[in-house]
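The numbers here are math on the coordinates, done by the rules we state, and not lab data. Every value quoted in this text rests on a predicted model; they were computed, and no experiment measured them. Counting neighbours? That spans all protein chains shown, and the Cβs are built from the backbone with ideal geometry, glycine included.
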């Protein structure tokens, strides 16, 4: 199982028209932090949490993921990820992400400099035109972007997003109405958002063929 797939899958992408629920301040949809349980073949292996702190036009978002895989109750793999992003008036201004992949530590740092973003990370120094979206999933407007920043590799990834229609997804509180989006390319995943644009699910195949799911424990109210 690859943690890069678990957190920020990306591949060859095409852009979509802006969804009807696109908002300038999507964090206000959640009414607090977002919490998921990470499942591998229906067995809990970790947690994913997104916390928001807003001060006027500035929004700070902290994302933390922890994964432990055990064999016969003995931990055989550990993964820890934490990032902080800063948004001003709905525009991404800064990304700072640290990943500990079972002892292999890497850092991604991206900051806006004038009319572009300057990125330093495992992929080296890159620049990107604005606006730039980091693929954190909580902001559904990332589905409209043809290029997104991968917070683990530091690469600018291209993805193809397919709107797969409305259905339901299981959450800790039972089934919930959701719009499904399939992202295809070098890596693939499926994300679900409720009709108001809240992120409420994620699923994909791990490198070893296992099924990885994010089960919503706390993803905001079902209605605004």
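Please find the FRET efficiency linking residue 74 to residue 115, where r is the Cβ-Cβ separation and R0 is fixed at 41 Å, and quote it to the nearest 0.05.
It comes out at approximately 0.20.
The modelled label-to-label distance for the pair residue 102/residue 25, using points 7 Å beyond Cα in the direction of Cβ, is 4.3 nm. Could you give the distance between the Cα centres of the stretch 192-224 and the stretch 106-124, to the whole Å? With the stretch 192-224 and the stretch 106-124 each reduced to a Cα centre, they are spaced 28 Å.
Once the Cβ-Cβ distance between residue 188 and residue 41 is put in as r, and R0 is 22 Å, what FRET efficiency do you end up with, to the nearest 0.05?
Details: r = 18 Å, r/R0 = 0.80.
Result of the calculation: an efficiency of 0.80.
Using the Cβ-Cβ distance between residue 89 and residue 147 with R0 = 22 Å, the FRET efficiency computed as 1/(1 + (r/R0)^6) comes to roughly 0.60. Spin-label pair residue 166-residue 217: with each label point 7 Å from Cα along the Cα-Cβ axis, the two points sit 3.0 nm from one another. Residues of the stretch 159-177 with an amide N closer than 18 Å to a point placed 7 Å from the Cα of residue 51 along the Cα-to-Cβ direction: none.
Need one number: convex hull volume per residue for the chain, Cα atoms only, in Å³. Kindly include the intermediate steps, with their values, before the conclusion.
Values: hull volume 26.1 nm³, N = 224.
Per residue, the Cα convex hull of the chain comes to 116 Å³.
Exposure proxy for 125, 78: other Cβ atoms within 10 Å of each Cβ, ordered fewest to most, give 125, 78.
May I ask you to sort 77, 214, 181 by Cβ crowding, counting other Cβ atoms within 10 Å and putting the fewest first?
Details: 77 14, 214 29, 181 19.
Lowest to highest Cβ neighbour count: 77, 181, 214.
The relative contact order of the chain, computed from alpha carbon pairs under 8 Å that lie at least 6 residues apart in sequence, is 25 percent.
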